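Enquirer: What follows is a single structure, and I will ask about it in a moment.
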Amino acid sequence: MFYHLKGKVSEILPGMVVLECAGVGYAVTTSAYTLSQIRSGTEEKLYICESIREDAFDLYGFKTLAEKHCFELMVSVSGVGPKAAISILSVCSPDGIYMAIMSGNEKALTAAPGIGKKIAQRILLELKDKLGKEASGLAAADERLDEVDDLDAGLEDLGVGRERVVVGGR
């Protein structure tokens, strides 16, 4: 499994970039969002998702981990394949997609070519719960970090040095 590819962009084609790594040119399908951030002849790193089928081995590349995560979430929805997810990412940024899902904005998703009302509704239905759980998990983690910061500040106010706080009182 590839995590990322880093190399020189040798060609940019519609919906695809050829990334040359150690003399091998990898054809990587990308969204218009990622393509807009890449220039031919530059050194780039793309985060990779693979789609391996009986008749194809396709690579999908993303400039940011947020875009890759968004892609992975969308292809986890029944009936949404990599091409549909790339289509949606080509008309909307990852933040825009998250906002559309959380607000139930079906029109933001149907603006992508090949995405109809039924697929958009399925994406909204299935991902709203997943994103809600992720957001609540992140909020809980932030809350725990705030508690640790408060504890550190309290111990420092009592005269316990920062070094002792960090190493657990040793």
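Enquirer: Taking θ as phi - 60°, what are the ³J(HN,Hα) couplings along region 90-103 by the Karplus curve (6.51, -1.76, 1.60), each to the nearest whole Hz, with x for Gly and Pro?
Expert: Values, residue by residue: 7, 10, 8, 6, x, 4, x, 5, 4, 5, 4, 5, 5, 8 Hz.
Enquirer: Taking amide H positions as placed in the peptide plane 1.01 Å from N, state which residues far from ASN105 in sequence (5 or more) or on other chains have amide H under 5 Å from it.
Expert: For ASN105, no residues qualify.
Enquirer: In the calculated pair distance distribution of region 28-111, what percentage of Cα-Cα distances lie above 20 Å? Walk me through the intermediate numbers first.
Expert: Working: 1081 of 3486 pairs.
Roughly 31 percent, rounded to a whole number.
Enquirer: Further question on the same structure: Ignoring ligands, DNA and RNA, what percent of the accessible area of region 56-136 is carbon or sulfur (1.4 Å)?
Expert: On the way: 2320 of 3930 Å².
Carbon-and-sulfur percentage of accessible area, whole number: 59.
Enquirer: Also, quick follow-up: Before I look further, what does region 1-108 give for accessible area per residue, probe 1.4 Å, in whole square angstrom? Walk me through the numbers before you get to the answer.
Expert: Details: 5530 Å² over 108 residues.
Accessible surface, normalised per residue, equals 51 Å².
Enquirer: List, in order, the whole-Hz ³J(HN,Hα) value for each residue of region 68-79 obtained from phi through the Karplus relation with A = 6.51, B = -1.76, C = 1.60 and θ = phi - 60°; use x for Gly and Pro.
Expert: Each residue of region 68-79 in turn: 4, 4, 4, 4, 4, 4, 5, 6, 6, 7, 4, x Hz.
The values are calculated or read from the model by the stated rules, or taken from the named source; none is laboratory data. In this text, all values refer to a predicted model and were calculated from it rather than measured experimentally. Heavy atoms of the whole protein, side chains included, go into the accessibility calculation; ligands, DNA and RNA do not. Shrake-Rupley method; radii C 1.70, N 1.55, O 1.52, S 1.80 Å.
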